[in-house]
Amino acid sequence: GGDEENLSIWKRMIALSQNQFDTIYGRLGVEFDHSFGESHYNEELPSTVESLVEAGIARESEGAMCVFSDGSVKPKADPFLIHKDGEWVDCPALVRKKDGGFNYATTDMATLEYRSQHWKPDAIVYVTDGRQQQHFQQVFSAYRRWRGELKADLAHVWFGSILGKDKKPLKTREGTNVKLADLLNEAEQRAFQIVDEKNPDLDNATKREVARVVGL
């Protein structure tokens with residue numbers, strides 16, 4: 001809502017988080033040309049929804065703004081339909097909630113628009129776990145209906161869920177997961193023990209460097 005104190009705290013949290021990200025990415029040798037957080041698109045969300053409504057892509061349903069099936073593909077291939085109790089029923093994508101808030105679908109649409117306009121890419125690739133498949137199918141479908149001139153390939157590269165000891169997907173929000181830094185530390189330590197056993201004559205600095213590379 002624009003509260004100055006809360007915004008200040010939030011910005012401080014972002015700075016602290018980014019510092020940790022940069023530390024881990026540096027350790028992994030990962031570099032980015034551009035790095036935009038979700039909030040980078042906040043100002044574009046209202047106009048994104050307005051444009052979707054004006055284009056006839058989104059419409060009001062029970063107080064929310066939603067994107068429904070346009071009937072252009074068979075039900076089995078339609079991400080806006082699900083099979084329930086022997087029939088195909090609506091499974092719309094919400095782009096503005098009943099309380100006026102926005103969600104991932106809205107942000108991802110605004111992100112696609114930004115990337116398309118600024119970089120005119122040949123392909124846009126998203127990497128998440130498999131639970132997001134329908135989400136991206138809906139986002140890609142809605143965006144192509146909105147921007148029919150889009151030439152870029154839109155791809156979702158998904159992987160299986162990462163499970164804990166209880167065989168349930170890890171949830172970062174619970175704060176109980178193993179930290180990546182701890183995982184890397186342990187991997188390097190185990191590698192060091194093996195190097196030390198197999199090559200005891202190596203100097204310690206060389207052992208550490210071999211362990212770092214092997215551990216990563």
Farthest positive-ward along the chain dipole, Cα basis, beta-carbon charges - from 17, 175, 57: 175
Å² per residue, accessible surface of the range 139-209 at 1.4 Å: 77 Å²
GNM result for the chain, Cα springs below 10 Å: residue of 40, 83, 156 fluctuating most strongly: 83
About the Cα centre, charge dipole magnitude for the range 79-193 (Lys/Arg +1, Asp/Glu -1 at Cβ), debye: 180 debye
Dipole magnitude of the range 137-207 about its Cα centre (Cβ charges: Lys, Arg +1; Asp, Glu -1), debye to nearest 20: 780 debye
Placed amide H near residue 164: partners under 5 Å, 5+ positions off or other chain: 170
Candidate lysines for bridging to residue 207, where Cα separation is under 23 Å - those fewer than 8 sequence places away on the same chain excluded: 198
³J(HN,Hα), Karplus 6.51/-1.76/1.60, whole Hz, each residue of the range 162-172, x for Gly, Pro: 8, 9, x, 5, 7, 6, 10, x, 5, 10, 4
Under-5 Å amide H pairs with residue 95, H placed in peptide plane, nonlocal only: 65, 66, 67
Over 28 Å between alpha carbons, listed pairs 97/165; 76/171; 120/168; 11/167; 11/179; 98/171: 97/165; 76/171; 120/168; 11/167
Estimated distance in nm for a label pair at residue 168 and residue 193, the labels positioned 7 Å out from Cα along Cα-to-Cβ: 3.1 nm
Rounded percent of accessible protein surface that carbon and sulfur make up, the range 94-216, 1.4 Å probe: 52 percent
Summed side-chain charge close to residue 66 - residues other than residue 66 whose Cβ falls under 13 Å, Lys, Arg +1, Asp, Glu -1: 0
Residue 208 paired with residue 72, simple spin-label distance in nm, labels 7 Å along Cα-to-beta-carbon: 5.8 nm
Förster radius 35 Å - calculated FRET efficiency between residue 8 and residue 115, Cβ distance, rounded to 0.05: 0.75
Environment charge at residue 206 (Cβ cut-off 12 Å; Lys +1, Arg +1, Asp -1, Glu -1): -1
Largest-first ellipsoid semi-axes for the chain, taking √(5λ) over the Cα gyration tensor eigenvalues, angstrom: 42, 22, 18
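The values are calculated or read from the model by the stated rules, or taken from the named source; none is laboratory data. From a predicted model like this one, the values you see are computed outputs, not experimental measurements. Methodologically, a virtual Cβ is constructed for each residue, glycine included, from the backbone with ideal geometry; neighbour enumeration extends over all protein chains shown. Accessible surface areas use protein heavy atoms only, side chains included; no ligands, DNA or RNA. Shrake-Rupley method; radii C 1.70, N 1.55, O 1.52, S 1.80 Å.
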